[in-house]
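> I am attaching a structure below and will ask some questions about it afterwards.
The values are calculated or read from the model by the stated rules, or taken from the named source; none is laboratory data. Source: prediction; values computed, not measured. As a convention, Cβ positions derive from the backbone with ideal geometry for all residues, glycine included, and neighbour counts pool all protein chains shown. The accessibility values were calculated without ligands, DNA or RNA, using every heavy atom of the protein model including side chains. Shrake-Rupley method; radii C 1.70, N 1.55, O 1.52, S 1.80 Å.
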Amino acid sequence: TENVANLASSADRDDGNADNAANLFSAVEKNKSMVALKAEMADRKRILKQAEQEASMLADFIRIVDYLLVECLAEKAIDTTASFLSALKQERRNGMHFVTTVQFAPTATVFSPPCADLQKMFMSVLDAIIGTVNSVQRIVYTRPFTEHVVGIVKDAPNIQTIIRNSRMFQQSLADIKSKISADFEQAENYVQSNVTSEFRAIYDDTKSWNYEKFKHAEGLTFLRFRSEMGRVKEYEGKVEGMRSKHMLGILEIDCKQLRNIMTPMVAQKMSDMKEFVRDLAKAMTSKQLVDIRKRGQTISARPHSLKDFAGYVESITNLKSKEKSLNKHVETVEKMYNLLKHHHVTIPPEDEVQLDDLHQALDQYKMDMEAAMKFKEDLLPEMSTSLGLSINRLNQNLDAITASLAEGVYIDVSNFEDPAPVLEELEGAKAKLDSVEEKAHQYKKFQELFNLVPEEYENLQIATDKYEMTDKLWQTVNKWNEQYDSWMTDDFTTLDVEEINKEVQIFFKESFSLHRKLDNEVTGKLKEKTNEFKLKMNVVLELGNPNMKDRHWEKIYGALQQTYYENLTFALEELLSYGILNHQDLVSEVSGAASGEAQLEDSLSTIQNGWADMNFTCLNHRDQANIYILGSLEDIFTLLEDNQVTLQTMMGSRFIMGVRDDVEAWAKKLGLLSETLDEWVTCQRNWMYLETIFCAEDIQKQLPVESQKFMVVDKMWKNIMKQTADAPLVIGSIEDGPSLLEKFQQANATLESVQKSLEDYLETKRMAFPRFYFLSNDELLEILSQAKDPHAVQPHLRKCFDNIVSLDFGSGQQDGLILAMNSGEGEKVELGSNLRARGAVETWLTNVETRMKLSLHEKMKLGLLDYD
């Protein structure tokens, strides 16, 4: 190889050296034999060939060296990753760890950095290793070797791709992630057991602490203060004992930051609690001190009047019952100060002085209370005697009030018409009675305070009952006078006699009840007046019938020999002065007639309202615009029949006279409507039947006169139905009287004439071809309306001929020829030549009948000959 390289090197020398070599070679050649020269030339060729072969292998050699370098670098990176994994798996106690801090998030416990961030950091380290290896300069890309491999090396291996695709590298990568995840999982379990479970509740409690909200919370008691401060004290001990760090795998779990966060939070809550308890204790001490001094002022008084002494007894009794509560409050204050001392809170000197003042004031209060109780017991007999005298005087006043209510103005019947003075006196009596009742309640309370048997005050109930009955009497009299004046003088037509009757019944019952209980001239007169008016109520009720009209009042006024005019205003007292009570039978008769007529008017109004909402249903005829026919008339006929029956019943009523004209008018109107509808329906039925016939041009040509008559009716029908569709009110169709009925009667007569002529026309056709008798009018008309189309007879041949189902018609040059007839069994019989469907249909059908007989006769002859 070295010789080849030297030869190759010598071959590459510059031209000057080549010329010298050539000269030297020429000199040597001259001294050698031909054999030697040939042998040397052969060696030279062999050496040159070998050099050429080795030169061609140089690029492969460079690429192999590059591959070896790539392999070496990739293995190094993979081994480094494996070594890194191995180092992570090693047990370490005091070695290097990755620190992660424990923190409390709002709803969870988290690490900083978390597992994902640590894995990301490790992946970036491995990416840096791969990047470092990948940055080593490749041999194939160095300048001395580039010219030998250019054009040959096109797919040089990529170190980064080789490393990342390596199973060993991928496994190491997965194991590193798994190791980190496993250590974090263990860390989470450790934190859950030793941090979250122990300190999360403390953190949340102190984090959510709101001093202002706590100060204004309800249900704050000493027990709650003590419990809360004890709990916060436990918090302080636990937080202080929190472990600052813990080694676990590759991780160092740092809790020091969490402890530093929680320590001031717990301390702040404890400080707030101490401040609150201190301020509250001071405020309660001040409040209790003021309360005790105020109590002392109350019990220090020495009253000598009955009212003041009773108030004094009530006060000391009330204060005595609250002593237990007072002692409890003072005890609570002492406990609060002891609680502060327990938690090493310094009590301000002024607070201690105030607490001492509280103790001294409490002791003084207890001594004053004993003196007050002794004063009460000493003065109680004297006050009890004074109270008894006052009660006796009160009973005497009650007797006097009761007696006054049974005499004087209270029973003076002259005040019946104007009870105002009596009502004023009653107001004064009420004031006196209220004053006495108030004193009675007061004296009864005094007796309870003095531990005496309470007075029942029976006289008070008697006086109260007497006053209430007397007051009710005169209030009833006053109300009766007001109502009586209103009933007698107000416009009678505006009075509600039913309501008056109810009120009179109430007045009557109350007057009897009052007379039975009081039995004086006033109650007697009230009973007499109410009974007198009650006897008139039957006539008043009849007169107050709301159905009374001017014609009824005119009849009554005529019987009273008084003049009545429309909308006359009158009062009950006028009717009574006219002697209305002497005509009770007439009033009852007229009132009954008014009620009966009102019922008839209501029925008539119902009929009117029913037709006001009843409309025709108009439908498009054969979906043609602006051509209408009547829809279902079932509802209209039902209403019409019901109303006609109702009107007939009304005509037979004995109360018909007042509404006879209206009832007769509606009876005539509905009778006209009934006749009109009958003619209308008949006209529609005939028009619809004939309209399908005369719309055919063949029929119009064959029956020109009848067609002209039908067109006149057709035009009239369409106009009427167009107007009906625009104004579909049923009753509106007869607003012009019988004009519409007459139109329909004339139209029906015309249509009947047309139909008679049409039947005569059909009869001539049947006489011309008797087999048409087998067809109905409609079937025959269908054929005649299509006389130009011979095929129109095909559907009807089976009825005209026993078993001819169809005829075969010619086409093209044979158009118009009838070629054969077909039976129901499918047999075909030729009809011969020159049989044409031309002219009137009955004519060529007669020819078909004749040809049928001839053809069948001929076929039978041939059949007989063939049989022989």
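> Summing +1 for each Lys or Arg and -1 for each Asp or Glu, what net charge is found among the other residues whose Cβ lies under 15 Å from the Cβ of Ile299? Each step should come with its number before you reach the end.
Values: positive: Arg293, Lys294, Arg295, Arg302, Lys320, Lys322, Lys366, Lys374, Lys376; negative: Asp291, Asp308, Glu314, Glu323, Asp363, Asp368, Glu370, Glu377, Asp378.
For residues surrounding Ile299, the net value is 0.
> Moving on. Of the options Ala87, Leu258, Val333, report the single residue whose Cα projects farthest towards the positive end of the charge dipole of the chain (beta-carbon charges: Lys, Arg +1; Asp, Glu -1).
Ala87
> Something else: Find out how many positive minus negative residues lie around Met716, taking Lys and Arg as positive, Asp and Glu as negative, among other residues whose Cβ is under 12 Å from that of Met716. Please list the in-between numbers first.
Working: positive: Lys709, Lys715, Lys718, Lys722, Lys743; negative: Asp714, Glu742.
Here the charged neighbours net out to +3.
> Which three lengths, in whole Å and largest first, does the stretch 763-868 cover when its Cα atoms are put on their principal axes?
Extents along the principal axes, in whole Å: 48, 32, 23.
> Roughly how compact is the stretch 290-430, stated as its Cα Rg over 2.2 N^0.38 Å to two decimals? Walk me through the numbers on the way to the answer.
Details: Rg = 28.1 Å, N = 141, 2.2 N^0.38 = 14.4 Å.
Computed over Cα atoms of the stretch 290-430, the ratio equals 1.95.
> For the stretch 394-482, state the semi-axes of the equivalent ellipsoid (square roots of 5 times the eigenvalues of the alpha-carbon gyration tensor), sorted largest first and rounded to whole angstrom. Write down the numbers at each step before the final one.
On the way: eigenvalues 204, 24, 18 Å².
In descending order, the three semi-axes are 32, 11, 9 Å.
> Can you sort Lys549, Lys307 by solvent-accessible area, 1.4 Å probe, largest first? Walk me through the intermediate numbers first.
Numbers: Lys549 75, Lys307 135 Å².
Of Lys549, Lys307, the descending order of accessible area is Lys307, Lys549.
> Roughly how many Å² is the accessible area per residue of the stretch 336-466, as a whole number, for a 1.4 Å probe? Show your work: numbers first, answer last.
Details: 7660 Å² over 131 residues.
I get 59 Å² per residue for this part.
> So, with a 1.4 angstrom probe, what is the percent of accessible area on the stretch 724-799 that is carbon and sulfur?
On the way: 1990 of 3930 Å².
Of all accessible area on the stretch 724-799, carbon and sulfur atoms account for 51 percent.
> Taking H as built 1.01 Å from N, whose amide H comes closer than 5 Å to the amide H of Val805, not counting residues under 5 places away?
Those lying under 5 Å, H to H, from Val805 are Asn822, Ser823, Gly824.
> Counting heavy atoms of the protein chains only and a 1.4 Å probe, report the per residue accessible area for the stretch 616-751 as a whole number of Å². Please list the in-between numbers first.
Working: 7230 Å² over 136 residues.
For the stretch 616-751, the per-residue accessible area is 53 Å².
> With every protein chain left in place, what is the accessible area per residue of the stretch 540-586 in square angstrom, probe 1.4 Å? Don't skip to the answer; put the middle values down first.
Working: 2720 Å² over 47 residues.
Per-residue accessible area for the stretch 540-586 comes out at 58 Å².
> Taking a cut-off of 43 Å, what percent of all Cα-Cα pairs in the chain are separated by more than that?
Values: 294407 of 376278 pairs.
Counting pairs separated by more than 43 Å, the tail of P(r) holds 78 percent.
> Next up: Arranged from highest to lowest average of other beta-carbon atoms within 10 Å per residue, in what order do the peptides 438-450, 121-133 appear? Walk me through the intermediate numbers first.
Numbers: 438-450: 16.3, 121-133: 14.8.
Ranked by mean Cβ neighbours within 10 Å, highest first: 438-450, 121-133.
> Give, as a single signed number, the net charge of other residues whose beta carbon lies under 14 Å from the beta carbon of Leu780, with Lys and Arg counted +1 and Asp and Glu -1. Kindly include the intermediate steps, with their values, before the conclusion.
Details: positive: Lys765, Arg766, Arg771, Lys799; negative: Asp698, Glu759, Asp760, Glu763, Asp778, Glu779, Glu782, Glu842.
In short, -4.
> Counting only the heavy atoms of the protein chains, how much of Lys328 is accessible to a 1.4 Å probe, in Å² to the nearest 10?
140
> Could you order the peptides 358-370, 270-282 from most to least packed, using the average number of other C-beta atoms within 10 Å per residue?
Numbers: 358-370: 14.8, 270-282: 18.1.
Taking the mean over residues of other Cβ atoms within 10 Å, the ranking is 270-282, 358-370.
> Lysines near Lys374 by alpha-carbon distance under 21 Å, same-chain residues fewer than 8 away left out - which ones?
Lys294, Lys307, Lys320, Lys322, Lys324, Lys366
> What is the packing order of peptides 73-85, 626-638, taking the mean over residues of other C-beta atoms within 10 Å and listing the highest first? Working shown, then result.
On the way: 73-85: 17.9, 626-638: 14.2.
Ranking, from highest mean packing down: 73-85, 626-638.
> Pairs Lys718/Lys765; Lys89/Lys120; Lys215/Lys287; Lys207/Lys282: which exceed 22 Å Cα-Cα? Write down the numbers at each step before the final one.
Numbers: Lys718/Lys765 32 Å; Lys89/Lys120 18 Å; Lys215/Lys287 18 Å; Lys207/Lys282 28 Å.
Lys718/Lys765; Lys207/Lys282, as the Cα separations exceed 22 Å there.
> Let me ask something additional. If you roll a 1.4 Å probe over the stretch 510-574 with all protein chains in place, what percent of the accessible area is carbon or sulfur?
Details: 1500 of 3630 Å².
So the carbon and sulfur contribution to the accessible surface is 41 percent.
> So, with a 1.4 angstrom probe, what is the percent of accessible area on the stretch 578-670 that is carbon and sulfur?
Details: 2340 of 5290 Å².
After summing per-atom areas, the C and S share lands at 44 percent.
> Moving to a separate point now. Along its principal axes, what span do the Cα atoms of the stretch 339-413 show, with the longest given first and each in whole Å?
Cα extents, longest axis first: 91, 34, 18 Å.
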